[in-house]
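K.L.:
Pasting in a structure now, in structure tokens, and then I'll have a few things to ask.
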Amino acid sequence: MLNSDAPRLGLRLALFALLSAALFAAPAGHADELQDATKFLKSGQHQQAMERVNKVLASKPRDPQARFLKGLIYTEQGNTKDALDVFTKLTQDYPELPEPYNNLAVIYASQGQYEKARTALEQSIRTHPSYATAYENLGDVYAKLASQAYDKALQLDSSNAGAQNKLSLVRELVGGPSQVAAARESAKPPVVLAQKPAAPAPKAPVPAEKPAPAKPAAETPTANGSAESVAALDGWAEAWSKKDADAYLAYYAKEFKTPGGESRSDWEKARRARIAAPKSISVSVTTPKVIMTGPNQANVTFRQAYKSDVLKANSSKSVVMTKSEGRWQIAQEKSGS
């Protein structure tokens, strides 16, 4: 898997859902091989997937679907050199297809080559103006480029408060802490997927002469924790949208780890300034996924849609939430995970 800035930015690799069916009219045997290759790739069986793809390419070396799938396998294996070669040649042979350009951009972003990523994504959109994945990826790349520009502005003028506020806001949306902060960032704790609670075992019958009163079903901590943590995130987003800094900050636990390693007071001061700066703010939380790591702790990943009069961004985000005194709060947060 790519393991650099591309996933942190939330960039998405394209599959071949948009590719022209006419291009991929393949014999039944080839179609079966490619279907098997896709299943192997999804299950992480890269060698078996590559064997199926190479079998197709041996008899049909220009097959775009097989070549595209081979590029995906290389990407998943971390073999960016060969993946770049595959996707680049596909753009040359089939310049009308948007997906190879998109995947080139994801690889370029993982290498920190954001201008190349921008160019590739803009070309992807030119070939397919309604390609949503490329638009989303391009937004993330633009935000990263903006972060670099604001950072440069501060290097030239460290007293530029406007650039500092914009830089902090962009970094929160798409990730990218300073090198010092990145060095301080600790590894994530191991997590355990929450399992669906098993149905309670039937109780032994109570003697007829001493009937026991019915008891309400016991609540499931895992299910309750999942719902409560998501509800807390909704409240956090609502407070942010209302520009209520006091309510917003109350959603952060006492033990909250500030993203840049700064003091809690400095972080809160910066947050208040960034909340006050825009005339209007709208924040929403969508597609939350909760992993319970304990009865009072959860890891939540979600999409954060932020919109103000100066900036609009849609990014991936993850938080570690803890429950204390009956309330779920944010103990750690990271953009683009």
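The values are calculated or read from the model by the stated rules, or taken from the named source; none is laboratory data. Please read all numbers here as calculations on a predicted model, not as lab measurements. Using ideal geometry, Cβ is built from the backbone for each residue, glycine included, and neighbour counts are taken over all protein chains shown. Just so you know, the surface numbers come from the protein's heavy atoms only, side chains and all, with ligands and any DNA or RNA stripped out. Shrake-Rupley method; radii C 1.70, N 1.55, O 1.52, S 1.80 Å.
K.L.:
May I ask you to list pairs of residues, at least six apart or on different chains, whose Cβ atoms are under 9 Å apart, with the first in the range 225-245 being free of Cβ contacts under 8 Å to residues at least 40 places away in the same chain and the second being hydrophobic (A, V, I, L, M, F, W, C) and part of a loop (DSSP other than H, G, I, E, B)?
P.N.:
Here the result reads A239/A250, each pair linking the range 225-245 to a residue that is hydrophobic (A, V, I, L, M, F, W, C) and part of a loop (DSSP other than H, G, I, E, B).
K.L.:
Identify all residues within the range 112-136 that are over 18 Å from T91 (Cα atoms) and among the polar types (S, T, N, Q); write none if there are none.
P.N.:
Q113, S130
K.L.:
Given the structure, is D157 open to solvent by less than 40 Å² (accessible area, probe 1.4 Å) and either free of Cβ contacts under 8 Å to residues at least 12 places away in the same chain or in contact with a Leu (Cβ under 6 Å, 6 or more places away or on another chain) (or both)?
P.N.:
Spelling it out, it is not the case that D157 is open to solvent by less than 40 Å² (accessible area, probe 1.4 Å) and either free of Cβ contacts under 8 Å to residues at least 12 places away in the same chain or in contact with a Leu (Cβ under 6 Å, 6 or more places away or on another chain) (or both).
K.L.:
I'd like to check something: does the range 255-264 contain any residue that is open to solvent by less than 40 Å² (accessible area, probe 1.4 Å), within 21 Å of the chain's Cα centre (by Cα), of a type in the set (S, T, N, Q) and farther than 30 Å from T133 by Cβ?
P.N.:
Within the range 255-264, one or more residues are open to solvent by less than 40 Å² (accessible area, probe 1.4 Å), within 21 Å of the chain's Cα centre (by Cα), of a type in the set (S, T, N, Q) and farther than 30 Å from T133 by Cβ.
K.L.:
Residues that are within 18 Å of the chain's Cα centre (by Cα) and in contact (Cβ under 8 Å) with a residue 60 or more places away in the chain: does the range 290-297 have at least one?
P.N.:
yes
K.L.:
Moving on to the next point. Can you name the number of the only condition in (1) of a type in the set (S, T, N, Q); (2) modelled with pLDDT of 90 or more; (3) within 30 Å of the chain's Cα centre (by Cα) that S59 fails?
P.N.:
(3)
K.L.:
Additional query: Are any residues in the range 24-44 surrounded by 15 or more Cβ atoms within 10 Å (Cβ to Cβ) and either at pLDDT below 85 or part of a loop (DSSP other than H, G, I, E, B) (or both), and if so, which ones?
P.N.:
In the first step, residues of the range 24-44 are kept if they are surrounded by 15 or more Cβ atoms within 10 Å (Cβ to Cβ); the result is 24, 26, 30, 33-34, 36-38, 40-41.
Within the range 24-44, F24, A26, H30 qualify.
K.L.:
Filtering the range 92-118 down to residues that are of a type outside the set (F, W, Y), open to solvent by 20 Å² or more (accessible area, probe 1.4 Å) and in contact with a helix residue (DSSP H, G or I) (Cβ under 8 Å, 6 or more places away or on another chain), which residue is farthest from S147 (Cα to Cα)? Write out each step before concluding.
P.N.:
Looking only at the range 92-118, we keep the residues that are of a type outside the set (F, W, Y), and these are 92-93, 95-100, 102-107, 109-113, 115-118.
From the residues that got through so far, the ones that are open to solvent by 20 Å² or more (accessible area, probe 1.4 Å) too are 92-93, 95-96, 111-113, 115-116, 118.
Okay, now just the ones that are also in contact with a helix residue (DSSP H, G or I) (Cβ under 8 Å, 6 or more places away or on another chain), so 93, 95-96, 111-112, 115-116, 118.
On the way: D93: 35, P95: 31, E96: 32, Q111: 16, G112: 13, E115: 13, K116: 16, R118: 14 Å.
Across the range 92-118, the extreme among qualifying residues is D93.
K.L.:
Regarding the range 141-156, can at least one residue be identified that is assigned to a loop (DSSP other than H, G, I, E, B) and either over 30 Å from A276 (Cα atoms) or modelled with pLDDT of 85 or more (or both)? Don't jump to the end; show me each part of the working.
P.N.:
First pass over the range 141-156, keeping only residues assigned to a loop (DSSP other than H, G, I, E, B): none.
No, because not a single residue in the range 141-156 is assigned to a loop (DSSP other than H, G, I, E, B) and either over 30 Å from A276 (Cα atoms) or modelled with pLDDT of 85 or more (or both).
K.L.:
While we're looking at this one, here's another question. Residue by residue through the range 277-306, note down the ones that are more than 15 Å from Q329 (Cα to Cα), among the small types (G, A, S) and either modelled with pLDDT under 90 or touching a Pro at 6+ places or on another chain (Cβ under 7 Å) (or both).
P.N.:
Of everything in the range 277-306, those that are more than 15 Å from Q329 (Cα to Cα), among the small types (G, A, S) and either modelled with pLDDT under 90 or touching a Pro at 6+ places or on another chain (Cβ under 7 Å) (or both) turn out to be A277, A305.
K.L.:
May I pose another question? Quick check on the range 294-316. Is at least one of its residues touching an Asp or Glu at 6+ places or on another chain (Cβ under 7 Å), under 26 Å from Y150 (Cα atoms) and surrounded by 17 or more Cβ atoms within 10 Å (Cβ to Cβ)?
P.N.:
Within the range 294-316, one or more residues are touching an Asp or Glu at 6+ places or on another chain (Cβ under 7 Å), under 26 Å from Y150 (Cα atoms) and surrounded by 17 or more Cβ atoms within 10 Å (Cβ to Cβ).
K.L.:
May I pose another question? Among K152, K89, K144, K81, which is open to solvent by 40 Å² or more (accessible area, probe 1.4 Å), in contact (Cβ under 8 Å) with a residue 12 or more places away in the chain and out of contact with any Ser or Thr (no Cβ under 7 Å at 6 or more places or on another chain)?
P.N.:
Criteria check complete, one pass: K89.
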